[in-house]
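**Student:** Take this structure, written in structure tokens, and hold onto it; I'll ask about it next.
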């Protein structure tokens with residue numbers, strides 16, 4: 001009998017205003033966020049969130065920003081979330097931008113959306129102002145976050161401090177202004193434009209409605225075993241829909257507390273201090289954590305002992321005896337001592353990492369999403385996991401495989417309340433993104449089993465057409481090769497020559513683990529391992545060439561390798 005999906009206690013929502021109001025009533029002065037400002041740890045409660053939300057939303061009417069498009073860029077801060085929510089709840093369209101964009105790219109997105117205002121930090125302000133003539137529609141630049149010296153800000157009539165906006169909104173509320181409080185927007189109308197280049201090199205503006213955002217937030221809560229006792233450490237860029245929906249919006253709907261990581265450099269230090277119960281990460285972070293664990297074990301000469309303990313503990317677990325958190329307390333202690341689970345998305349994760357963490361007493365839950373689906377499509381529930389899969393298709397979402405006749409694998413297509421409205425000012429790309437019956441084409445290749453669990457083989461756009469015409473998915477070969485100890489990063493591509501397509505592995509070696517090795521030594525050792533991998537594969541999948549790189553691959557802010565740069 002097919003197992004049912006989980007249905008954890010959750011707060012149903014119709015609007016983002018409800019997200020703020022209902023949860024302020026439920027959780028009051030409980031911390032929603034803990035964050036660092038001026039090196040001082042600060043607490044921001046659910047009640048603080050509602051007060052700030054109402055004040056800023058009310059002030060937007062005086063600034064002439066109701067039902068307007070507004071851009072937003074900056075590091076993690078509670079006020080970033082307030083800006084995002086208030087613009088939408090005032091009938092506007094929010095445009096969250098990646099703070100790692102170059103200033104001209106940032107201004108290009110601001111100009112193309114005809115944004116009337118920009119929420120940003122001082123860092124972005126100083127980089128954008130020299131290009132201000134390229135964003136003529138921007139009438140207000142609202143600064144949040146740490147300001148080094150307010151008296152030393154550039155002279156520009158458009159600049160206003162976020163704290164002054166809050167103060168103005170509070171005055172208006174005291175005077176009885178209910179413009180924002182009583183405003184009701186259509187949930188199906190455009191609420192956000194997310195520019196996502198991903199790894200394609202071509203930016204498209206993904207248009208989401210408030211309904212899309214609320215729908216995905218609720219389904220995340222229904223699928224995940226999270227509650228008001230959870231403490232999350234927010235690591236991923238806040239503008240990214242994976243972090244925003246699954247962490248910030250969903251945790252605010254279950255009464256959890258999120259610590260906003262101030263810097264990637266401080267991530268592991270903050271994990272130790274914050275003692276989170278859960279993390280939401282991309283695979284690179286999990287791989288790094290896994291490597292740190294085993295490097296420490298090997299350095300202390302305890303690998304055989306730990307592996308024996310893991311084997312014994314796994315056997316005991318099968319009989320219902322769980323001693324993992326006692327046996328591996330030192331490992332769990334390195335992550336604060338309270339870490340129970342890690343949610344991973346963005347790319348496939350080597351199943352061995354999942355098994356190792358499971359042996360240590362930390363559950364790793366793989367999920368699958370895409371910006372166009374806001375982003376949730378599937379996730380492994382806490383109580384029913386299939387290691388190697390990207391999880392069960394979530395509530396209210398349908399997924400199927402568009403495969404050639406006689407094939408079980410094909411493109412994953414999706415339908416549901418999470419699916420976006422289309423691409424901003426790009427009707428042709430929008431048409432191409434949907435099947436004839438209206439299902440969104442993800443571009444991912446895979447299959448779905450009888451229990452509705454999704455398995456991803458690769459990206460349609462990355463597929464290599466072998467010389468015999470067969471499809472080769474580089475992700476499969478990368479997964480095999482990633483186990484080679486001398487490899488830190490690898491990308492497999494197809495190179496054309498006079499004899500056809502040559503499957504080529506581009507490798508950045510692990511210089512940290514093997515500092516004395518030259519590129520020639522790395523080549524010899526890695527190529528020997530690749531030959532062993534090839535013996536277990538059909539000839540058309542063989543990696544025939546190897547290139548050693550001197551530098552790491554260029555990555556997006558969510559740590560995905562920019563494949564489009566590799567030729």
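**Student:** Within segment 47-64, take every residue that is touching a helix residue (DSSP H, G or I) at 6+ places or on another chain (Cβ under 7 Å) and free of Cβ contacts under 8 Å to residues at least 60 places away in the same chain and give me the one that is surrounded by the most Cβ atoms within 10 Å (Cβ to Cβ).
**Tutor:** Going through the qualifying residues, I end up with 53.
**Student:** Being farther than 16 Å from residue 8 by Cα, buried (at least 19 other Cβ atoms within 10 Å of the Cβ) and touching a strand residue (DSSP E or B) at 6+ places or on another chain (Cβ under 9 Å): is that true of residue 380 here? Break it down into steps so the answer makes sense when it comes.
**Tutor:** Numbers: farther than 16 Å from residue 8 by Cα: no; buried (at least 19 other Cβ atoms within 10 Å of the Cβ): yes; touching a strand residue (DSSP E or B) at 6+ places or on another chain (Cβ under 9 Å): yes.
Considered against the rule, which asks whether it is farther than 16 Å from residue 8 by Cα, buried (at least 19 other Cβ atoms within 10 Å of the Cβ) and touching a strand residue (DSSP E or B) at 6+ places or on another chain (Cβ under 9 Å), residue 380 comes out as no.
**Student:** Could you grab me the full set of residues in segment 218-237 that are surrounded by fewer than 24 Cβ atoms within 10 Å (Cβ to Cβ) and within 18 Å of residue 72 (Cα to Cα)?
**Tutor:** Residue satisfying the conditions is 237 alone.
**Student:** Which of the residues belonging to segment 441-458 are within 13 Å of residue 474 (Cα to Cα) and surrounded by fewer than 20 Cβ atoms within 10 Å (Cβ to Cβ)?
**Tutor:** 457
**Student:** Related question: Is at least one residue of segment 26-33 more than 25 Å from residue 168 (Cβ to Cβ) and part of a helix (DSSP H, G or I)?
**Tutor:** Yes, segment 26-33 contains a residue that is more than 25 Å from residue 168 (Cβ to Cβ) and part of a helix (DSSP H, G or I).
**Student:** Which one of these does residue 217 not meet: (1) out of contact with any helix residue (DSSP H, G or I) (no Cβ under 8 Å at 6 or more places or on another chain); (2) in a helix (DSSP H, G or I); (3) under 20 Å from residue 343 (Cβ atoms)?
**Tutor:** The single condition residue 217 does not satisfy is (1).
**Student:** So, of the residues in segment 5-42 that are in contact with a strand residue (DSSP E or B) (Cβ under 8 Å, 6 or more places away or on another chain) and farther than 17 Å from residue 229 by Cβ, which turns out to be surrounded by the fewest Cβ atoms within 10 Å (Cβ to Cβ)?
**Tutor:** Ranking the candidates gives 41 first.
**Student:** Okay, next question. Mind listing just one residue for me: the one in segment 411-440 that is on the phi > 0 side of the Ramachandran plot and in a strand (DSSP E or B) and, of those, surrounded by the fewest Cβ atoms within 10 Å (Cβ to Cβ)? Walk me through how you get there before you give the answer.
**Tutor:** Step one: list which residues in segment 411-440 are on the phi > 0 side of the Ramachandran plot, which gives 416, 422, 425, 438.
Imposing the further condition that a residue be in a strand (DSSP E or B) reduces the set to 416, 422.
Details: 416: 22, 422: 19.
The extreme case among them is 422.
**Student:** Here's a check for you: in segment 340-352, which residue that is more than 15 Å from residue 223 (Cα to Cα) and under 19 Å from the mean Cα position of the chain (by Cα) is modelled with the lowest pLDDT?
**Tutor:** For segment 340-352, the residue satisfying everything is 347.
**Student:** Being under 16 Å from residue 399 (Cβ atoms) and part of a loop (DSSP other than H, G, I, E, B) is the filter here, so list the residues in segment 351-375 that pass it.
**Tutor:** 370, 374, 375
**Student:** Identify, please: which residue in segment 476-514 is within 32 Å of the chain's Cα centre (by Cα) and exposed (fewer than 13 other Cβ atoms within 10 Å of the Cβ) and is, among those, nearest to residue 347 (Cα to Cα)?
**Tutor:** 483
**Student:** Next question. Any idea how many residues of segment 139-159 are in contact (Cβ under 8 Å) with a residue 60 or more places away in the chain and more than 29 Å from the chain's Cα centre (by Cα)?
**Tutor:** Residues meeting the conditions: 2.
**Student:** Considering 100, 114, which residue is free of Cβ contacts under 8 Å to residues at least 60 places away in the same chain, more than 25 Å from residue 54 (Cα to Cα) and in a loop (DSSP other than H, G, I, E, B)? Working first, answer last.
**Tutor:** Working: 100 fails: free of Cβ contacts under 8 Å to residues at least 60 places away in the same chain.
Unique residue meeting the criteria: 114.
The values are calculated or read from the model by the stated rules, or taken from the named source; none is laboratory data. Here the structure is a predicted model, which is why all the values come from computation and not from measurement. Because the Cβ atoms are built from the backbone with ideal geometry, glycine has one as well, and the counts that use them run over all protein chains shown.
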